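Working notes, beginning with the structure itself.
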Amino acid sequence: MQHFERIPKLIASHLRGDISPAERQEPDAWINESEANRSFFAQVTNEQLLTDKIKQYMSYDAESGLNKTLRDMDSAAPERKRVLEPCQKTIRR
């Protein structure tokens, strides 16, 4: 498994609390490779930030978002409208 696939799995194990001491060495080494890695790890393991993001996700109004997208598409340039209209009709069904 490549590094960019393994690290997220190990971070998930860390969050679940089921990472072994041997497995923990790999993300620790990755975290120490760069400030960007340290910052990323701090963000994805920050309980308050995760809680806030989940609340934001759960409060998203998909219908309102779709309607805004459709309005934006309606105001598109006429040449784009010809392409977008069949898509809009399909979505609105």
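Here, each number is a calculation from the coordinates, and none is a lab measurement. Predicted, not measured: the structure shown is a model, and the values here were computed from it.
Show which aspartates and glutamates lie in cross-link reach of residue 55 when reach means a straight Cα distance below 18 angstrom and same-chain residues fewer than eight apart are skipped.
Straight-distance partners of residue 55: 47, 63.
Could you work out the Rg to Rh ratio of the stretch 3-58, with Rh taken as the Kirkwood radius (inverse of the mean 1/r over all Cα pairs)?
1.01
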